[in-house]
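Visitor: Could you have a look at this structure, given as structure tokens, before my questions?
All of the numbers you see were taken from the coordinates with simple rules; none came from a lab. Keep in mind it's a predicted model, so treat the numbers as computed, not measured. Cβ sites come from the backbone with ideal geometry, for glycine too, and all protein chains shown count toward neighbours.
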Amino acid sequence: MTIAAPERLFDDGVSGDYPPDLYDPKGITTGVDGFANVTDAHVARFHAQGFLVVENAFSTQEVQNGLDGLDHLLSGKVAGFDGIHYERASAGIAVEELSPLQKQDYVRKFMHFVDYDDRLHGLAHHPQLLTLVQRLIGDIPLLFQDMALLKPPRMGREKPWHQDHAYFRVDLEARVVGCWIALDEATIENGCMVIAPGSHLKGPVVHFQRRDWQICDTDVDNSDALAVPLKPGGLLIFQSLLHHGTPPNLSAQRRRALQFHYRPQSAPLTSQEERLALFGGEGLGAEC
Ligand SMILES: O=C(O)CCC(=O)C(=O)O
């Protein structure tokens, strides 16, 4: 059977200049080793600081399952899957003819894939992950967004500072969390997460469409920023109002990660208008 290639989708983000110290961390995070060692003190710290790092959350086999799942999606042989967002630089290149590994150099992200690969579905519904998320949000977690974020060596672009909630139509009071899982070692050099601890307590801040849907560079407070280096299988769980971003990958090492977002099952959804009334800088007369 021949499957027609879906039309290529391009990521909305663009390259551009930004202050050279925008992602300079003042320190690095430390984590708890494994899901089984998360205590009530870690949970309390999550609520105060907006994040929790779990080292060795996923086994080597589970990480490999994630990578194999992404390769499978990239093979073009998965009927109905059209969630690959390419870099605009791929426009003139016959990426369909490349091997899955070569193709990854032109992919920015994958979205909405968990129903197309059992291995990725298994990671998003990992029992220990869901148990921890439920402990953090106090309700049954509902997966509502699944992404894989690729930063190819020497060309993976930054993801400017933002709050994930600015992308969501979910009630602001809902305890929404993102789970970012390293599939490769994530380092400061290849674009690991950089976070502003406690920034979720400041509430929603205005976003602008600049290099991406982002906090204005001049509004970013990175004075206490921490980098989140992770080994493969490491996990960062963070609150959806936490300010965070990732620097570009200027290294020779690939940086691939999965990111799943969960909301409390009972959380009300909102509208596009309500989202922009809280986060839409231009509509609120703010300047950037
Ligand atoms: O993995 C990355 O580089 C950025 C992840 C992120 O913050 C996002 O996509 O919201």
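Visitor: Would you pull out the residues with amide H under 5 Å of Val170's amide H, same chain only if 5 or more places away, H placed 1.01 Å from N?
Guide: The answer is Thr270.
Visitor: From the phi angles alone, apply the Karplus equation (6.51, -1.76, 1.60; θ = phi - 60°) to region 26-38 and give each ³J(HN,Hα) in whole Hz, x where the residue is Gly or Pro.
Guide: Using θ = phi - 60°, the values come out as 9, x, 10, 7, 10, x, 8, 8, x, 4, 5, 9, 6 Hz.
Visitor: OK, next. What is the ratio of the Cα radius of gyration of the chain to 2.2 N^0.38 Å, where N is its residue count, to two decimals?
Guide: Taking the Cα Rg and dividing by 2.2 N^0.38 Å, one obtains 0.96.
Visitor: On to the next question. How big is the shadow of the Cα convex hull of region 24-83, averaged over all directions, in nm²?
Guide: If you wrap the Cα atoms of region 24-83 in a convex hull and average its projections, you get 7.1 nm².
Visitor: May I pose another question? Using 1/(1 + (r/R0)^6) with R0 = 30 angstrom and r between the beta carbons of Ser15 and Arg135, what's the FRET efficiency to the nearest 0.05?
Guide: Here the calculated transfer efficiency is 0.15.
Visitor: Further, regarding this structure: How much mean residue ellipticity at 222 nm does the chain get from its helices, if each DSSP H run of length 4 or more adds -39500 (n - 2.57) and you divide by all residues, to the nearest 500 deg cm²/dmol?
Guide: So the helix-based figure for the chain works out to -5500 deg cm²/dmol.
Visitor: Looking at the chain, do any whole DSSP H helices span at least 18 angstrom along their long axis by alpha carbon and average 1.0 or above on Kyte-Doolittle, and which?
Guide: none
Visitor: Return the lysines within reach of Lys103: Cα separation strictly under 25 angstrom, same-chain partners fewer than 8 residues apart disregarded; answer none if there are no such residues.
Guide: Lys77, Lys151, Lys159, Lys231
Visitor: May I ask which residue of Ala36, Asn65, Gly80 lies farthest towards the positive end of the charge dipole of region 28-86, with charges of +1 (Lys, Arg) and -1 (Asp, Glu) on Cβ and the Cα centre as origin?
Guide: Value: Gly80.
Visitor: By a straight-distance test (C-alpha under 12 Å), which aspartates and glutamates pair with Lys109 as possible cross-link partners, with residues fewer than eight away in the same chain excluded?
Guide: Asp11, Asp12, Asp82, Glu87, Asp146
Visitor: Also, I was wondering about something else. In whole Hz, what ³J(HN,Hα) sequence does region 186-201 give by Karplus (6.51, -1.76, 1.60; θ = phi - 60°), x for Gly and Pro?
Guide: 9, 10, 4, 5, 9, x, 6, 5, 10, 10, 10, x, x, 5, 5, 6
Visitor: What full-extension length gain, to one decimal in nm, is calculated for Asp33 and Glu189 as 0.36 nm per residue of separation minus the Cα-Cα distance?
Guide: Full extension of this stretch gives 53.8 nm more.
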